[in-house]
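First up is the structure itself, then whatever we jot down about it.
The values are calculated or read from the model by the stated rules, or taken from the named source; none is laboratory data. Every value quoted in this text rests on a predicted model; they were computed, and no experiment measured them. No Cβ is skipped: glycine too gets one built from the backbone with ideal geometry, and neighbour counts run over all protein chains shown.
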Amino acid sequence: MNIWEKMSKIDRRIIYLMVGLAVIIPLIFPMNLPSYPSKYAIKLYNEVDKIAPNNQPLLVSADYSPSMMPELHPMFMAIARHCFAKKIRLLVTTLDPNGAALAEDALLKISKEYPDIVYGRDYVMLGYKPGFFTVIMLLGESIIKAYPKDHFGTPLAQLPMMANVRNYADIPLVITLCGSKAMDSWVIYAGTRYHAKVGYGNTAVASADYYPWLQSGQLVGQLNGLKGASEYEYLNEKNGYTKAPKTASKGMDAVAIVHLLIMAFIIIGNIGFFALRSKSKQQGGN
Amino acid sequence: MKRQIPLMIVLFLGILLTVQFFIPSNSSTVFYQTVIQWYLIITGFTIILAVGSLVNHHNLKIRRRKEHWWNSIATITGVVVMALLGILGKIEGLGWMMDLYRKLFKYVQAPMDSAMFAILAFYMASASYRAFRARSKEALLLLISGFIVMLGVVPFGAYLWRAIPDISEWILMVPNMASKRGILLGVGLGSAATALKIILGIERSWLGGGGK
């Protein structure tokens, strides 16, 4: 096998090994690559930032399972930190049965960083309810009808934060963090039917699907995968809201290196491919 | 009658809910809210059906000793243990069960689920190396677009040239969106047509029985 054939047919085990190293090394030795927030991440951040403190809540729907956790969980944590630091009330729900445990875990961790934040007054965890888009529709009619009790079994009527929160009319912004079709349902039902303002964070692999909603203004902003999460962390830090460790930014080092590695493999593969093709043409000509 | 009654219910509710959307009265809203709550209750029952179906499927596999039947034991054990811990853990005095449930979720289920998704990175790297070959002009175009978008999502792109993220965004916002919008319109029209066919009883495959 000559060099061109070797370049054209790299053993997949070598690729796996290289990818493994490209992920592990930057996580052990962080490079702290700079962050350049995108237009839509800034838009979403500003939409959250302009919600008045101690007033109407931001609704975040943690519509993700552990498989999407590396990308979406840092987004949830960054948004929660933003809210707690600025005293923006936070209402959390989920359309994914796994989302409740993940969101609960994150809120438990973050609330310890902000001792003056009180459950029931500053944030409420609605939890999971089966029904998918029907839950979104019922939230538009009456939150208390959709969730008579919160995630921990406390009647919603007993929570001071929920006193004046009836439906989407009392929620300035809804953010869904998902890697599934949940986003479509939020736009179609919460956005179009009930005129709620919707923003979203999604896995990078799904981001290309949602640009039509962004362009039409049906979505106010976007956090695109781990990059979006790192951008939110960057904006939080820049505005002095938190000094917590930036988990997404650490992960972005690995993502950047793996992207470069994949590009390098593609270039190598194409060099080998063209060299072999020109060689076979020459042989055919002779 | 087994087929006629469901068809009549669908026709009646389908037309009623379509008309309801255009009538902004109090009784219309109450009717709408009631229907949504019915739907939520029915959805609750579908979970029971799904769990029953899953247990049946794996039970049959174990009894008939089908290939890899031992994996079915793990599945059923997982379902039973998590369900029992989750349900009984809510009872006063059995809080330790809820703690165990949370620990199993956090330290067993979540890492396994994440690991499954993480494996994709290896396959994607290998697949893109093999598939992204500039065999034609169209493939070359796809390759260049892919390169720019990939560079646009990592900090190196902007570091190399500040305009790369903007070009990447243009690719996503213009050519990508044009095709996506076309697909979305097609899906939307198709969904509306299918809904109409179901309401009018033309499409009956949802009744089961292979359309007989």
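Against the test of being without any contact (Cβ under 8 Å) to a residue 24 or more places away in the chain, closer than 27 Å to B:GLY89 by Cβ and touching a helix residue (DSSP H, G or I) at 6+ places or on another chain (Cβ under 9 Å), the options A:LYS145, A:LYS112 yield a single qualifying residue, A:LYS145.
Only one of the numbered conditions (1) under 28 Å from the mean Cα position of the chain (by Cα); (2) among the polar types (S, T, N, Q); (3) not in a loop (DSSP other than H, G, I, E, B) is violated by A:THR242, and that is (3). Just one of (1) part of a helix (DSSP H, G or I); (2) facing chain A (nearest Cβ under 10 Å); (3) loosely packed, with under 15 Cβ neighbours inside 10 Å fails for B:LYS90. It is (1).
Residue pairs whose Cβ atoms lie under 8 Å apart, separated by 6 or more positions or on different chains, with the first residue in segment A:205-216 and touching a residue at least 60 places away in the same chain (Cβ under 8 Å) and more than 22 Å from B:SER128 (Cβ to Cβ) and the second among the aromatic types (Phe, Trp, Tyr) and crowded, with 20+ Cβ neighbours inside 10 Å, are A:LEU214/A:TYR40.
Looking across segment A:221-238 at every residue that is within 11 Å of chain B (Cβ to nearest Cβ) and hydroxyl-bearing (Ser, Thr, Tyr), the one that is surrounded by the most Cβ atoms within 10 Å (Cβ to Cβ) is identified as A:SER230.
Among the residues examined, A:LEU72 does not qualify as in contact with an Asp or Glu (Cβ under 8 Å, 6 or more places away or on another chain), under 18 Å from A:MET183 (Cα atoms), crowded, with 23+ Cβ neighbours inside 10 Å and in contact (Cβ under 8 Å) with a residue 60 or more places away in the chain. From the list A:SER207, A:SER142, pick out the single residue that is among the small types (Gly, Ala, Ser), surrounded by fewer than 20 Cβ atoms within 10 Å (Cβ to Cβ) and at negative phi. Residue meeting the stated conditions: A:SER142. Scanning segment A:196-220 for residues that are aromatic (Phe, Trp, Tyr) and either away from every other protein chain (no Cβ under 11 Å) or in contact with a strand residue (DSSP E or B) (Cβ under 6 Å, 6 or more places away or on another chain) (or both) turns up just one, A:TYR200.
Does any residue of segment B:59-79 turn out to be surrounded by fewer than 12 Cβ atoms within 10 Å (Cβ to Cβ) and closer than 27 Å to A:TYR128 by Cα? Yes; the residues of segment B:59-79 include at least one that is surrounded by fewer than 12 Cβ atoms within 10 Å (Cβ to Cβ) and closer than 27 Å to A:TYR128 by Cα.
Filtering segment A:223-240 to residues that are under 22 Å from A:TYR211 (Cα atoms) and of a type in the set (Phe, Trp, Tyr) leaves only A:TYR232.
Among the residues of segment A:2-47, those identified as within 29 Å of A:GLY191 (Cβ to Cβ) and either in contact with a strand residue (DSSP E or B) (Cβ under 6 Å, 6 or more places away or on another chain) or among the polar types (S, T, N, Q) (or both) are A:SER35, A:SER38, A:TYR40, A:ALA41, A:LEU44, A:ASN46, A:GLU47. Reported count of residues in segment A:46-85, each being touching a His at 6+ places or on another chain (Cβ under 8 Å) and either within 14 Å of another protein chain (Cβ to nearest Cβ) or closer than 14 Å to A:LYS227 by Cα (or both), is 1. Summed over segment A:165-186, residues that are surrounded by fewer than 23 Cβ atoms within 10 Å (Cβ to Cβ) and either within 11 Å of A:MET137 (Cα to Cα) or not assigned by TED's automatic domain parsing to the domain that holds A:ALA78 (or both) total 2.
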